[in-house]
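None of the figures in this text is laboratory data; all of them are computed from the coordinates on show. Just so it is clear, the model here is predicted, and its values are computed rather than measured. Counting neighbours? That spans all protein chains shown, and the Cβs are built from the backbone with ideal geometry, glycine included.
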Amino acid sequence: MDKHIFSRWQISLCALFVLADGLFLPLDSASWLSLLCGTAAAAMLLPPLLRLPRPLLNAACTLLALILILHSIRRLFLFWQYEGTPAALATALLLLTAWLLSWRGADCLFMWSLPVMTAAGALLLLSAAVTVPDWSLRYLVLPSPAPFLRDSARAALGFLSVLLPAHLAGNAKAPAKGLLLGGGLLALLSLRALLLLGGASYAYPMYAAASLAAVGDLLKRCEIVFAAVLALCECTRIAVCFSFLRSRTAFKAAPAKVP
Amino acid sequence: MKRITAWMLLCILPLSGCSAESPLPVSAAALSRTAEGYAMTAELIRQDSLDGDAAPVYLTAEGESLSALFEDADRKLGGHFYFSHAETVLIDLTLAQDGITELAAYLAARTDARLTLRLVVARGAPAEALLQLDALGESIPGVALYELLQGLARRGDLPDLPLYKVHNALQQEERLLLPCLYQTEDGHAAAEGFAVFEQGKLAGFLSQEE
């Protein structure tokens, strides 16, 4: 990495990376709490993971990048199919955008993430805030210990994918803060969905809850903006994966130094 | 990076599904149970008059299941059954007695149905007849019905129960009260009393005072 990557850029990119899961979170009575605990656990595990031997870390991150790209393509395709959008075209456009984002290099991606995270965070918070009058606290219940621990462990494992941007940044402290920021926002979105929808089942509960965000009779069906913001986060996640893979390819293709 | 951000926004805009073309949006629908399955009368809004006025037209559809019913309506409009503007669904007594759990779950799962739409039970007359009664405040009866229900819910005369709350109550097998609609002597639709649902099926009626 040639240029210095400021902490706030690292925080923003890692938060966007984590928020990519926002559209696909399942909903149960304690999922928001599991997300919070999972985030905290993953933030604690991140620094020791970054101290793993370099070749092992590189191999793990390369594998992780490939898995995450395929995972993102699959879930976005299914979501767009459900939503009635031409799924193949939308996925192709998103991949192309992610590739263009990664083309300028990781430092540009980090720099770009700060204004995007600011806008995304503000829109997500606004989307949650306008639904506050409709929240029903009777849906809040104490979780059963065993499923709660299982869900927290699963969430922590998922959040550890932030290892990828953290490795790209070569730092653990700021990415852990980004993870906490993104995980906190995800927990808030999950809590919002629970307090609005209760225990009813929906294919995409976060998306369904966002559809209830309205400003009077003037502005309704805000779920499109919500989905667009989270699709942008998904695009950023794929761009991080592409960027990492490009950096590894460039490293391997570089000629060996003559002694 | 600015160009890429602009490109990104351009990519996202068409994904919203919004377009200038919205032929005959549905404003309300009346659903009933038949021997063969389900029947629906949907109120569509025609906006092609030269003087700019909107006028209601009614479409009937039938199907063995709810998905077949909506598929039939879609086929009759050449694939342009535009349900995302619907705000009220009138439930006929035949359907209320049979149970509305499946209906609420089906509507909640449809991407084009608003989770804020209101369900109301037709009492004393078939739901499709109540839907087509002359409205006092609006030229479109279905729109007038929604405004009536919305106004009464805001005043606290009716419980505020949009689709997502109904769906949740039915899934939790809670007791549910839905507003009733009846035909007044002067031929208009008015809300009065409640239909009580237990285990998703009509269990009786309550007056406004009860």
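Things to note:
- Each part gets one Cα centre, and for segment A:35-76 versus segment A:157-224 those centres are 18 Å apart.
- Unit charges at the beta carbon, dipole of the protein assembly as shown: most positive-side option, A:VAL132, B:LEU24, A:CYS37: A:CYS37
- In units of the rule-of-thumb radius 2.2 N^0.38 Å, segment B:39-152 shows an alpha carbon radius of gyration of 1.06.
- The calculated FRET efficiency for A:LEU78 paired with B:ASP186, based on their beta-carbon distance and R0 = 51 Å, is about 0.45.
- With a Förster radius of 60 Å applied to the beta-carbon distance between B:LEU77 and A:ARG51, the computed FRET efficiency rounds to 0.45.
- Cα-only Debye scattering, the protein assembly as shown: base-10 log of I(q)/I(0) at q = 0.08, 0.09, 0.11, 0.13 Å⁻¹: -0.56, -0.68, -0.92, -1.15
- Counting lysine pairs in chain A whose alpha carbons fall under 29 angstrom apart, excluding pairs fewer than 8 residues apart on the same chain, gives 5.
- Distance between the modelled labels on A:ASN58 and B:ARG110, one decimal in nanometres: 5.6 nm (7 Å Cα→Cβ projection).
- Nearby aspartates and glutamates by direct alpha-carbon distance to B:LYS201 (threshold 16 angstrom, same-chain neighbours under 8 apart not counted): B:ASP92, B:ASP98, B:GLU102, B:GLU173, B:GLU174
- Cβ-Cβ distance of B:GLN199 and A:ALA129, R₀ of 35 Å, FRET efficiency by 1/(1 + (r/R0)^6): the value works out to about 0.45.
- Taking Lys and Arg as +1 and Asp and Glu as -1, the other residues whose beta-carbon sits under 14 Å from that of A:PHE77 total 0.
- Dipole moment magnitude, nearest 20 debye, chain B about Cα centre, only Lys, Arg, Asp, Glu C-beta charged: 960
- Expressed in units of 2.2 N^0.38 Å, where N is the residue count, the Cα radius of gyration of segment B:6-206 is 1.04.
- Cα pair distances exceeding 27 angstrom across chain A, given as percent: 37
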